[in-house]
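Visitor: Below are the structure tokens for one structure; questions will follow.
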Amino acid sequence: MNSHAAVAAHFLGDRKLVDRIIRDHRSAPIDDKEKALWDYVQAANRSRGTVDKKWVEKAREKGWSDAALYDAATVVALFNFYNAWIDSTGVHDMPADAYLGSGERLAERGYVF
């Protein structure tokens, strides 16, 4: 998460905002549409496969398309897989400054090499 947070901070130009969203997206100074997507992502992450329809409907009401929700669900599923793999193989955490460097590299070069 730390590398991706660094990427978001790079593009938004506001690390404090990214940290607030991570801590509590409901109280962060973002619009209701963004909060609805974060609600959906949080529900998808917690549910492990079955998301209460209310989160889908709320996100749609705020303007998110089914394609966007599909993309969000795919990211959640992939990161749950990656995190389980990392945890089960004993991959070690990086120091904080390494995450910043990783975030800058990803922001400048992208996620595809």
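What follows is calculated from the coordinates using simple rules that are stated; it is not laboratory data. Computed from a predicted structure; not experimentally measured. Reconstructed Cβ throughout: ideal geometry from the backbone, glycine too, with neighbour counts over all protein chains shown.
Visitor: When we measure straight from the Cα of Lys54, which lysines land under 26 angstrom away, once same-chain ones fewer than 8 places off are left out?
Guide: Within the straight-line cut-off, Lys54 pairs with Lys33, Lys35, Lys62.
Visitor: Once you place label points 7 Å from the Cα toward the Cβ at Asp66 and Arg15, how far apart are they in nm?
Guide: 4.2
Visitor: Excluding residues on the same chain fewer than 8 positions from Lys58, give the aspartates and glutamates whose Cα lies under 17 Å from its Cα.
Guide: Correct list for Lys58: Asp31, Asp32, Glu34, Asp39, Asp66, Asp71.
Visitor: Can you pull the one-decimal nm distance between simple spin-label points at Lys54 and Lys33, each 7 Å off the Cα toward Cβ?
Guide: Result for the modelled spin labels: 2.4 nm.
Visitor: Using the 10 angstrom Cβ neighbour count as an exposure proxy, how do Glu108, Glu34, Glu57 rank, fewest first?
Guide: Working: Glu108 9, Glu34 15, Glu57 12.
Sorted ascending by nearby Cβ count, the order is Glu108, Glu57, Glu34.
Visitor: For the range 2-109, calculate the relative contact order in percent as a whole number, restricting contacts to Cα pairs under 8 Å that are 6 or more residues apart.
Guide: Values: 72 pairs, mean separation 43.1, N = 108.
For the range 2-109, the relative contact order is 40 percent.
Visitor: Another question, if that's okay. Go ahead and set up a Gaussian network model of the chain, Cα springs under 10 Å, then flag whichever of Ala77, Ala96, Ala59 fluctuates most.
Guide: So, out of Ala77, Ala96, Ala59, the one fluctuating most is Ala96.
Visitor: How would you rank Leu69, Leu12, going from fewest to most other Cβ atoms within 10 Å of each one's own Cβ?
Guide: Values: Leu69 19, Leu12 12.
So the residues, fewest neighbours to most, are Leu12, Leu69.
Visitor: Hey, got the dipole for the chain? About the Cα centre, +1 on K and R Cβ, -1 on D and E Cβ, debye to the nearest 20?
Guide: Details: 16 positive and 17 negative charges, 54 e Å.
It comes to approximately 260 debye.
Visitor: Would you tally the net charge around Ile22, using a Cβ to Cβ cut-off of less than 14 Å, leaving Ile22 out, and scoring K and R as +1, D and E as -1? Write out the running numbers ahead of the final one.
Guide: Working: positive: Arg15, Lys16, Arg20, Arg23, Arg26, Lys35; negative: Asp14, Asp19, Asp24, Glu34.
After counting each charged neighbour, the total is +2.
Visitor: With a ≥ b ≥ c the root eigenvalues of the C-alpha gyration tensor of the chain, is it rounded (a/c under 1.5), prolate (a/b larger than b/c) or oblate?
Guide: Working: a/c = 1.94, a/b = 1.34, b/c = 1.45.
It comes out oblate by the Cα gyration axes.
Visitor: Against the longest alpha carbon principal axis of the chain, how many degrees, from 0 to 90 and to the nearest 10, is the axis of helix 32-47 turned?
Guide: Rounded to the nearest ten degrees, it is 80.
Visitor: Also: Between Ala72, Ala98, Ala43, find the one with the highest GNM mean-square fluctuation for the chain; connect C-alpha pairs within less than 10 Å.
Guide: Per the Cα network of the chain with a 10 Å cutoff, Ala98 tops the list.
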